[in-house]
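Reviewing the structure listed below.
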Ligand SMILES: [Zn+2]
Ligand SMILES: [Zn+2]
């Protein structure tokens with residue numbers, strides 16, 4: 001859905017990103033560079049769709065269609081994209097280095113020295129092996145999530161192609177009642193409300209599949225409490241909503257595009273709605289995956 005967005009809508013979204021009063025210019029530039037590189041990489045990805053893991057019956061009961069750890073992405077293309085994303089951490093020539101630039105420099109040096117294998121990081125990301133990233137988080141206290149962020153975003157165009165192929169083969173039940181991504185079992189990172197009735201969709205952090213979900217269900221603990229769901233909106237910016245769950249203390253951010261024009265680009269919308277991450281954290285809520293390298 002995201003990567004196939006028209007160029008005009010995509011460009012318009014980047015204009016919104018660059019003109020947002022809530023997003024520092026540095027972060028806007030970083031995210032825009034990543035979103036652009038992913039789009040270009042997505043243009044010529046050829047990938048074998050792994051065999052389907054779930055029978056139609058198992059899938060209807062919540063089992064994801066494929067296991068991303070089994071996907072064979074093109075190593076050279078993936079490494080190229082990883083290095084492009086890593087290069088986006090640098091500040092413009094002459095500017096003072098910040099935490100992101102320093103962390104990026106350390107990772108680039110580690111890749112060069114061979115102490116960090118790009119493929120190793122990608123494999124760990126695909127397998128959701130968090131232990132691989134722990135020592136790197138310790139080395140980068142000011143940007144602890146940078147490496148998993150880069151690895152996940154490198155794999156994203158490849159996994160988006162896998163999701164598309166898997167869904168061409170098997171239709172997924174709608175709305176999806178099982179929280180995590182129907183294609184790969186990844187955690188949702190961002191959501192959107194669309195159409196007149198405000199149909200709710202969530203986007204997977206790993207494959208960016210965007211799937212229809214129940215209006216008031218928490219995707220993490222599956223609690224469905226129409227009265228207990230608290231929704232926050234901001235006076236300054238009505239484009240986003242924060243949905244929190246008091247059962248598991250998780251939260252989701254939704255772009256509110258119902259009855260309103262506009263494109264939904266999860267990576268960019270996640271950054272545009274940064275204010276809600278601060279609000280959620282201040283209220284004691286958290287989410288399992290972030291689209292921001294240092295958050
Ligand atoms: Zn997924
Ligand atoms: Zn919950």
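None of the figures in this text is laboratory data; all of them are computed from the coordinates on show. Fair warning: this is a prediction, and the values are worked out from it, not measured in the lab. Cβ placement follows ideal geometry from the backbone for every residue including glycine, while neighbour counts extend to all protein chains displayed.
Overview of values
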read-out	value
For 261, 237, order by how many other beta-carbon atoms lie within 10 Å, fewest first	261, 237
Segment residue 282-residue 97, length gained on full extension (0.36 nm per residue, minus Cα span)	63.7 nm
Coarse-grained scattering of the stretch 131-179 at q = 0.18, 0.20, 0.29 Å⁻¹, given as base-10 log I(q)/I(0) from a Debye sum over alpha-carbon atoms	-0.72, -0.76, -1.00
Ranked packing of 110-117, 129-136, 250-257, 27-34, most packed first, by mean Cβ within 10 Å	250-257, 27-34, 129-136, 110-117
For the chain, calculated [θ]222 nm from helices alone, where every DSSP H run of n ≥ 4 adds -39500 (n - 2.57)	-12500 deg cm²/dmol
Residue-span extension gain [residue 246 to residue 87] - 0.36 nm each, minus C-alpha spacing	53.3 nm
Whole-Å distance, taken between Cα centres, linking the stretch 107-132 and the stretch 75-89	12
Distance from the stretch 188-267 to the stretch 11-67 (C-alpha centre basis), Å	17
The stretch 2-283 shape via C-alpha gyration tensor axes, a/c threshold 1.5	oblate
Largest-first ellipsoid semi-axes for the stretch 241-295, taking √(5λ) over the Cα gyration tensor eigenvalues, angstrom	20, 14, 9
Mean Cα-pair separation over length for the stretch 91-238, i.e. relative contact order, pairs under 8 Å, 6 or more apart, %	16
Full-extension gain in nm, residue 25 to residue 238, via 0.36 nm per residue minus C-alpha separation	74.5 nm
The chain: most fluctuating residue of 281, 163, 90 per GNM, C-alpha cutoff 10 Å	281
Antiparallel DSSP beta bridges within the chain, as percent of all bridges there, nearest 5	85
Virtual spin-label span in nm between residue 69 and residue 221, 7 Å along Cα→Cβ	2.7
